[in-house]
Amino acid sequence: MALFKRKASKPGASKKTDAVKAKQLTPGEKPKRRSWTPRFLRKIGGYFAGAWNELSQVRWPNRKATWSLTVAVILFTVFIMVFILLLDNFFGWVFEQLVL
C-alpha cells in the first residue's frame with residue numbers, strides 16, 4: 001500500500017519534454033543564473049538579510065525615553081539590592097539568636 005501516489009503522466013509525454021516546456025521564458029524575461037555559492041552560505045546570508053529587515057521595522061525609542069527607562073532600571077536594581085541586603089542581615093541576625 002503506497003502512502004503517496006504519483007500522478008499518471010500523459011501517454012507519449014516524457015519527463016524531458018515537460019522539463020523543456022517548463023524552462024521556456026516569456027518575452028522580456030531573463031534566464032535565472034545558477035548561483036555559485038553553496039546553499040548553507042545562501043541560508044546564512046538570508047538569515048542576516050531577514051534580521052536586518054526586522055531591525056529596520058523596529059520602532060526605536062528617542063533619547064528622552066531611553067534615559068528614563070535606563071534610570072528606571074537602575075533604581076529598580078538598587079531597590080532590589082537594598083531589599084536583599086536587609087533580608088540577608090535579618091536572617092543572619094535570626095540565625096545568631098537561635099545558635100547562641
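Where a number appears in this text, it was derived from the coordinates with a stated rule and is not lab data. Fair warning: this is a prediction, and the values are worked out from it, not measured in the lab. Cβ: placed from backbone, ideal geometry, glycine included. Neighbour counts: every protein chain shown.
What the table below lists for this structure:
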quantity: Positive minus negative residues near ALA49 (Lys, Arg vs Asp, Glu; Cβ under 11 Å); calculated: +1
quantity: Label-point separation, GLN97 to VAL58 (7 Å along Cα→Cβ), nm; calculated: 4.9 nm
